[in-house]
Amino acid sequence: MGTHARIYTPAEAAAVSGIGIKAVHNAIDKRIVDTVTGAVRRAGGTVRRALTGDDLLRLKLWYGVGATLPADRRRRLFEEIKAAPTAKTVRADDLLIIDVAEARKQLKARIVDLDEAETAIGRVKGVMGGEPVFKGTRIPVRMITTMLAQGTGEAEVLEGYPKLTSRMIELARIWGAAHPTRGRPKKLSERGVKIKSSKRMVLKGDPSQSGRRV
């Protein structure tokens, strides 16, 4: 790998490839992807399990193809892609053709999103106690990702934060995936958010028909 080649943390790789973070670590442990040898220093700290752009493609194809191909055939598929790096498609078997160009296109789009998110989001001294915010605002990004994760609809989030846009919510999603918090995610109440209203809904099939608070 060249000295200026881009690297990704496992969390960033998960955010870009759309693969769960546990699956990424599992792929590393099983040597489905090869991490960069040794610790790599980058802004914000040291990355000990660094992945390259080629690794992202491997992750996406490995889990994208899934059970369609056995593991040994998927590994040979990687060798064929490596031997023909500019090929748009690779034949996996008599009936299955892998669209490598489309996989690369999707990864590139997600990398652009992550780059934009990294530029737009950061910690600003004296703002929200150092919590990551959208620069130029006091909107805490982790608050937004927590709301979305706990089922708050995008329209409701936009209503609560008029300065937000749908694009900013997209950036918050990928940034949050690339920068997960350690430990148990905080509930909205633990972040100081008060519920303004609640309603009762009768769950279909509930014999008591007594309803449940949601």
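The values are calculated or read from the model by the stated rules, or taken from the named source; none is laboratory data. Everything numeric in this text was worked out from a predicted model, so none of it was measured. With ideal geometry, Cβ positions are generated from the backbone for all residues, glycine too; neighbour counts draw on all protein chains shown.
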With criteria (1) modelled with pLDDT under 95; (2) buried (at least 17 other Cβ atoms within 10 Å of the Cβ), Phe134 comes up short on (1)
| query | Does Val65 qualify as being on the phi < 0 side of the Ramachandran plot, in contact with a Leu (Cβ under 7 Å, 6 or more places away or on another chain) and either assigned to a helix (DSSP H, G or I) or of a type in the set (A, V, I, L, M) (or both)? | reply | no
Exercise. Is it the case that some residue within region 42-50 is of a type outside the set (A, V, I, L, M, F, W, C), under 25 Å from Gly176 (Cβ atoms), part of a helix (DSSP H, G or I) and touching a helix residue (DSSP H, G or I) at 6+ places or on another chain (Cβ under 6 Å)?
Worked result: no
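Have a look at Ala92, Ala87, Ala109 and point out the one that is modelled with pLDDT under 95, surrounded by fewer than 18 Cβ atoms within 10 Å (Cβ to Cβ) and within 30 Å of Val36 (Cα to Cα).
The conditions single out Ala87.
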Notebook entry, point to check: touching a strand residue (DSSP E or B) at 6+ places or on another chain (Cβ under 8 Å), in the same structural domain as Ala11 (by TED's automatic domain parsing) and not aliphatic (A, V, I, L, M), is that true of Lys88?
Noted result: yes
Given the structure, is Ala101 assigned to a helix (DSSP H, G or I) and either in contact (Cβ under 8 Å) with a residue 40 or more places away in the chain or within 21 Å of Ala177 (Cβ to Cβ) (or both)?
no
Reported set for region 127-165 where residues are touching a Pro at 6+ places or on another chain (Cβ under 8 Å) and of a type in the set (A, V, I, L, M) is Met128, Val133, Val141, Ala149
Counting only residues in region 18-72 that are among the small types (Gly, Ala, Ser) and at pLDDT 85 or above, the one nearest to Asp93 (Cα to Cα) is identified as Ala71
